[in-house]
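A.B. asks: Can you keep this structure in mind? I'll have questions shortly.
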Amino acid sequence: MDNPRELALKSLIKTDTLSVFSNLEINTTLQRANLSEADRGLYTALYLGVLEKKLTLDYIIKKYSSTPFEKIEVTEINLLRLGIYQLYFMDKIPDY
């Protein structure tokens with residue numbers, strides 16, 4: 001079984017580096033992935049949610065990061081975006 005968070009991260013990286021269209025990326029990922037219905041929903045919510053709130057998430061990262069935003073690698077930026085998105089905008093996922 002695939003991990004929806006890992007798939008969302010990979011899709012976000014593709015979107016940032018290859019400028020793929022989100023609807024095509026979702027379709028391709030969901031066709032290839034082995035996910036339950038709940039995990040399909042989580043993947044989609046994470047991926048689209050981060051894209052929708054990207055400016056807000058980047059503002060939060062810039063505000064609290066001691067590393068200049070431009071020097072943070074694309075994978076790390078997207079990990080931070082995913083984590084912050086889950087903490088701030090997803091109420092059904094517990095805060096750890």
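The values are calculated or read from the model by the stated rules, or taken from the named source; none is laboratory data. This is a predicted model, so every value here is computed, not measured. Virtual Cβ from ideal backbone geometry, glycine too; neighbours counted across all protein chains shown. To get the accessible areas, we keep the full protein, side chains included, count just its heavy atoms, and leave off ligands, DNA and RNA. Shrake-Rupley method; radii C 1.70, N 1.55, O 1.52, S 1.80 Å.
A.B. asks: Against the longest principal axis of the chain, how steep is helix 74-89, in degrees 0 to 90 to the nearest 10, with axes from Cα atoms?
C.D. replies: Once rounded, one gets 80 degrees.
A.B. asks: Let me ask something additional. Hey, what angle do you get for helix 4-18 against the long axis of the chain, alpha-carbon based, 0 to 90 degrees rounded to 10?
C.D. replies: Once rounded, one gets 70 degrees.
A.B. asks: Given a 1.4 Å probe, how much area per residue of the chain is accessible, in Å²?
C.D. replies: 66
A.B. asks: Using 0.36 nm per residue, how much length does the chain from Asp2 to Ser36 gain when fully extended, once their Cα-Cα distance is taken away?
C.D. replies: Separation in residues times 0.36 nm, less the Cα-Cα distance, equals 11.3 nm.
A.B. asks: Report the gain in length on full extension from Val74 to Thr17: 0.36 nm times residue separation, minus Cα-Cα distance, nm rounded to one decimal.
C.D. replies: Length gained, Val74 through Thr17: 19.7 nm.
A.B. asks: Could you give the spread of the C-alpha atoms of segment 15-66 along their three principal axes, from largest to smallest, in whole angstroms?
C.D. replies: Here the Cα extents, ordered largest to smallest, are 38, 25, 17 Å.
A.B. asks: Helix 54-64 versus the longest principal axis of the chain: what angle, 0 to 90°, nearest 10, using Cα atoms?
C.D. replies: 40
A.B. asks: When the chain is modelled as a GNM with alpha-carbon springs shorter than 10 Å, which of Glu37, Glu52, Glu25 fluctuates the most?
C.D. replies: Per the Cα network of the chain with a 10 Å cutoff, Glu37 tops the list.
A.B. asks: Could you order Leu80, Leu9, Leu55 by accessible surface area, starting with the largest, using a probe radius of 1.4 Å?
C.D. replies: Largest to smallest exposure gives the sequence Leu55, Leu80, Leu9.
A.B. asks: Given a 1.4 angstrom probe, I'd like the percentage of the accessible area of the chain that is carbon and sulfur, rounded to a whole number.
C.D. replies: Percent of accessible area from carbon and sulfur atoms in the chain: 54.
A.B. asks: Further, regarding this structure: Within the chain, list the trypsin sites (Lys or Arg not before Pro) lying in a DSSP loop whose Cβ has at most 16 other Cβ atoms in a 10 Å radius.
C.D. replies: Those that pass, being in a loop and sparsely packed, are Lys92.
A.B. asks: With every atom except the alpha carbons ignored, what do you get for Rg and Dmax of the chain, in angstroms?
C.D. replies: Taking only Cα atoms of the chain, I get Rg and Dmax of 13.3, 39 Å.
A.B. asks: How high is the relative contact order of the chain, in percent, counting Cα pairs under 8 Å that sit 6 or more residues apart? Kindly include the intermediate steps, with their values, before the conclusion.
C.D. replies: On the way: 66 pairs, mean separation 31.7, N = 96.
With pairs under 8 Å counted, the relative contact order is 33 percent.
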